[in-house]
Structure formats: structure tokens, C-alpha cells
Amino acid sequence: MTNQIKVDAGAIKGLMENARQVPEQRMDEAINKLKNLSDALSTWEGEAPQGHDELHIELHKTLLKTKSLMITILRTLDQSVENLLEQDKKLGQSMGENSRDRV
């Protein structure tokens, strides 16, 4: 007997919808919080603001890159689910044809 992996495309889509909240909402929230923090700290004096600004810029770029990567991963998963559904459909049609041939 061989091992089988059963995949439910609908379940994968449901999980992906939850995962979409991260780049679509939560990453934007993190970016906005970072901006608000930077605005709140704009009254700092001395050398601290310059160091903070440099870190703020780097963190902002990192958050944007992370968001972009997450979106790319989700698009790849979307394509994988579509491919899975297409293969499942072809397999179902093939099995239907094979059962008719036996009759």
C-alpha cells in the first residue's frame, strides 16, 4: 500500500485568506505605527534623532520588502491552488473515462 496525501484546495484557500491579513493589514499597521513613533519622537534634541532616523529608514525599507515578499508568496500559493484544482479536474475526468471503458 502506498502513502497518500490528500489536499483540500478549499481548505488551502481558507488558510490563505487568513494569511493575506498579514501583508494587507498587519504590515501596514506596523508601518503606520513606526511613522507615528517617528513623528512623536521628532522633538528629540541632540544626536539621538539622527540615529533614530537612520534606523527608522532601514526598518521601514525592511517592512516594505517583507510585505512584498509575503504578497509574492501568496500569489505563488494562489497559482499552486489553481494548478491543484486543474489537476484534480483532469484526474476526475480521466477516472470517469476509465470507469466507462470498463463497463
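The values are calculated or read from the model by the stated rules, or taken from the named source; none is laboratory data. These numbers were taken from a predicted model, which means no experiment stands behind them. Cβ sites come from the backbone with ideal geometry, for glycine too, and all protein chains shown count toward neighbours.
Scanning the range 2-13 for residues that are within 12 Å of L77 (Cα to Cα), modelled with pLDDT of 80 or more and not basic (K, R) returns a single hit, I12. For the range 1-52, the set of residues classified as under 29 Å from the mean Cα position of the chain (by Cα) and in a loop (DSSP other than H, G, I, E, B) consists of Q4, I5, K6, V7, D8, listed by residue number. Of all residues in the range 53-94, those satisfying the criterion of being surrounded by 11 or more Cβ atoms within 10 Å (Cβ to Cβ), free of Cβ contacts under 8 Å to residues at least 12 places away in the same chain and among the β-branched types (V, I, T) are I57, T72, I73.
Considering K6, K13, the condition of being surrounded by 10 or more Cβ atoms within 10 Å (Cβ to Cβ) and of a type in the set (D, E, K, R) is satisfied by K13 alone.
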